[in-house]
1. Semi-axes of the equivalent ellipsoid of the stretch 196-316: what are they in whole Å, largest first, if each equals the square root of 5 times a C-alpha gyration tensor eigenvalue?
2. From Cα coordinates alone, what are the radius of gyration and Dmax values for the stretch 53-173 in angstrom?
3. With a Förster radius of 22 Å, plug the Cβ-Cβ distance of residue 204 and residue 232 into 1/(1 + (r/R0)^6) and report the FRET value to the nearest 0.05.
4. Between 0 and 90 degrees, rounded to the nearest ten: what's the tilt of helix 34-50 against the longest Cα principal axis of the chain?
5. As I understand it, the value is the acute angle between the Cα axis of helix 159-168 and the longest principal axis of the Cα atoms of the chain; what does it come to in degrees, rounded to 10?
6. Give me the log10 of I(q) over I(0) for the chain at q = 0.11, 0.13 Å⁻¹, as the Debye formula computes it from C-alpha points; what are the numbers?
7. How big, in percent, is the set of alpha carbon pairs in the stretch 127-286 lying more than 28 Å apart?
8. How far is helix 7-18 tilted off the main Cα axis of the chain, in degrees rounded to 10, range 0 to 90?
């Protein structure tokens, strides 16, 4: 059981024990900080409470390379990365899964809110029962080979039910906290809650131009890494009408601003594709797709094109962001996904 020390993974471990599994708690050491030391203590305490073995897996070098370096490089190149997707692909269900299997485990379990089903056609990755907590978006890189060794004990539970189980079993004290509290959106390795400062420590920003869609100079930026598609505030410009970042041009080191209406796109090209079934649909297919974790899945037609795919939405999508993940669904099943490369206004 991958144990972070938090409520979700702790209850997942409890559920596995209650189901009769022999459970070993694995805690990943990913980042040096006082917060990570606190997490180790919490995970160790949970293992003591559940009377299961505790093991620390040192993956900080792998995490630095596959998640932190990727995070910084993408921003430096004008893209907006998704470190959680990278962490799941390379760290949790890469190095940690390999470690679990090398220890003789039959499965690696995590506290993700998602489901796995098996049929004669193979393994299927599904949304979690709690729509507000579903994390299948971050898991689209899971393959058939990996899904056979993975368990998601929380897939059928809501966050409220999980917290109630944690309190009822003594895993956490009952302080009367609301179970619907807004989850943290912080990046786990940036504890100062300021990714601009974090990036500034990693590379030197290069000043460039801010222009409108006609190329007219509006001002100057302090580095393209500090901007993202759809951004309105913090541009350092005075304007008679609201302006938004509608394009980042790393080759020219410039930021392009436009009006709200220019933020909408209907056609997306995606690269670095991953298919849960192992291969793409043989022909164009009607799907729903999410362009970011908290966006609503929207109807689209998926056109697989070898190493890339075109996704044409029925309705324009706002602030489509290169570098972010786009994930494809058929009803509640995850078909796969990829990285957004570019977007166009109309189909």
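Every number here is computed from the coordinates shown, using simple stated rules; none is lab data. Keep in mind that what you see is a predicted model, and the values were worked out from it rather than measured. Using ideal geometry, Cβ is built from the backbone for each residue, glycine included, and neighbour counts are taken over all protein chains shown.
1. Numbers: eigenvalues 214, 66, 33 Å².
Value: 33, 18, 13 Å, ordered largest first.
2. 16.1, 48
3. Working: r = 26 Å, r/R0 = 1.20.
That gives a FRET efficiency of 0.25.
4. It is inclined by approximately 30 degrees.
5. It is inclined by approximately 30 degrees.
6. With one equal scatterer per Cα and no solvent, log10 I(q)/I(0) is -0.81, -1.09.
7. Details: 6632 of 12720 pairs.
Above the 28 Å cut-off, the stretch 127-286 has 52 percent of its Cα pairs.
8. 30
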